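The values are calculated or read from the model by the stated rules, or taken from the named source; none is laboratory data. On a predicted model such as this, the values are computed, not experimentally measured, just so you know. Please note: Cβ atoms are built from the backbone with ideal geometry, for glycine as well, and neighbour counts cover all protein chains shown. Just so you know, the surface numbers come from the protein's heavy atoms only, side chains and all, with ligands and any DNA or RNA stripped out. Shrake-Rupley method; radii C 1.70, N 1.55, O 1.52, S 1.80 Å.
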Amino acid sequence: MPDIWWKADPQDLHRLVDRVSSVYVERSHLDRDENAVVIINKRQTVRVPAAMVAVMLLGPGTRVTHGAVRLLADSGTTVCWVGEQGVRMYASGLGPSRGAGLLHRQAWLVTRPKERLAVARAMYGIRFPGEDVSTLTMQQLRGREGTRIRKFYRTQADRTGVTWNGRVYKAGDAFAVGDDLNRLLSAANAALYGICHAVIIGLGASPGLGFVHTGKATSFVMDIADLYKAEYTIPLAFDLAAQGLTEERNARLGLRDLIARDKLLNRIVTDVKTLLTPADTDFEDTEANLLWDEHLGTVPGGTNYAGHADLSEHELTDNHIAIIGPDSNDTEPTP
């Protein structure tokens, strides 16, 4: 990458070397200045080199110019329109200049039963810390998960004094059926799916290629969200019900605050990358302009070949930056 990034052509900046995993922007205006995205609000002006960002998360109160979006697309940066602190995922866009290395890796894993089971075991291993799940079948894993969740619901009911009569929900409508506690659970889970969806899209993985869940366009989103429900959405729903806060907004804003407090975005990024690219695997996320080769796999395009070039390995950093403008005087933004 050129030393003077602001004088570089976007074509020089497509690789994912040393990128910040995500930049979250709220109540701000985004414009373009040369090869930088300029983020402006009443509190500050921040220049962000577009090629140094893997995913730009645009929260409430954000305006963006055509020039800024074009620069982000040329630089291979994913743009996601999200709710407050990443809660809820509304839409996303990805320019043509991003590599497909992580997507290829995910597809390879999910289409091979042995490797798919290994990833599913790793997911359940995160849910059962300290337990050995390396030899369990999917049926055994599902049974253990069911037992653990039932016990966890009873524990939360005893802790808060809220009556628990079992899980009831209606797919597609988080606040439609069941008692207040069930509706709070559904609303909080829907918000958690949003932030997981944004991270998965931003990293270049597929939300539809799940390892435990399958058959939906968001199967992998549900896989990842399940890693955090016992820590976040279930206790939150019981706490809110105990306080008599039973509106969907209460669950949404409650989860938003927990996400901001614990920097959950960083953790989700790390978990997704660890599950798809364990430390002992040889994974390459190379430049976007590639040619397929039946012997070498891929080689860079735009080159007159007498031999083949070495392909370097690139990784995203796990940094997350938030740039948030001040609250308006009269109203509080909602996700």
Whole-percent carbon and sulfur contribution to the accessible surface of the stretch 150-249 (1.4 Å, no ligands, DNA or RNA) stands at 49 percent
A correct Stokes-Einstein calculation for the stretch 116-209, using the alpha-carbon Kirkwood radius, 37 °C and 0.692 mPa s, returns a whole-number D in µm² s⁻¹ of 210 µm²/s
Residue-ordered couplings for the stretch 215-226, obtained by feeding phi - 60° into the Karplus form 6.51 cos²θ - 1.76 cosθ + 1.60 and rounding to whole Hz (Gly and Pro as x), are x, 10, 5, 10, 4, 5, 4, 5, 4, 6, 4, 4
Bounding extents of the stretch 56-158 in its principal axis frame from Cα atoms, largest first in Å, are 52, 40, 19
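What number comes out for accessible area per residue over the stretch 101-220 if the probe is 1.4 Å? Units Å², please.
50 Å²
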The percentage of the accessible area of the stretch 31-94 (probe 1.4 Å, all protein chains present) made up of carbon and sulfur atoms, to the nearest whole number, is 50 percent
Under the 7 Å Cα-to-Cβ spin-label approximation, Thr274 and Glu247 lie apart by a distance in nanometres of 3.8 nm
In order over the stretch 71-82: 3J(HN,Hα) from phi, Karplus 6.51/-1.76/1.60, θ = phi - 60°, whole Hz, x for each Gly or Pro, gives 5, 4, 5, 5, 8, x, 8, 6, 10, 10, 9, 10
Per principal axis, largest first, the Cα atoms of the stretch 163-281 extend in Å by 48, 32, 20
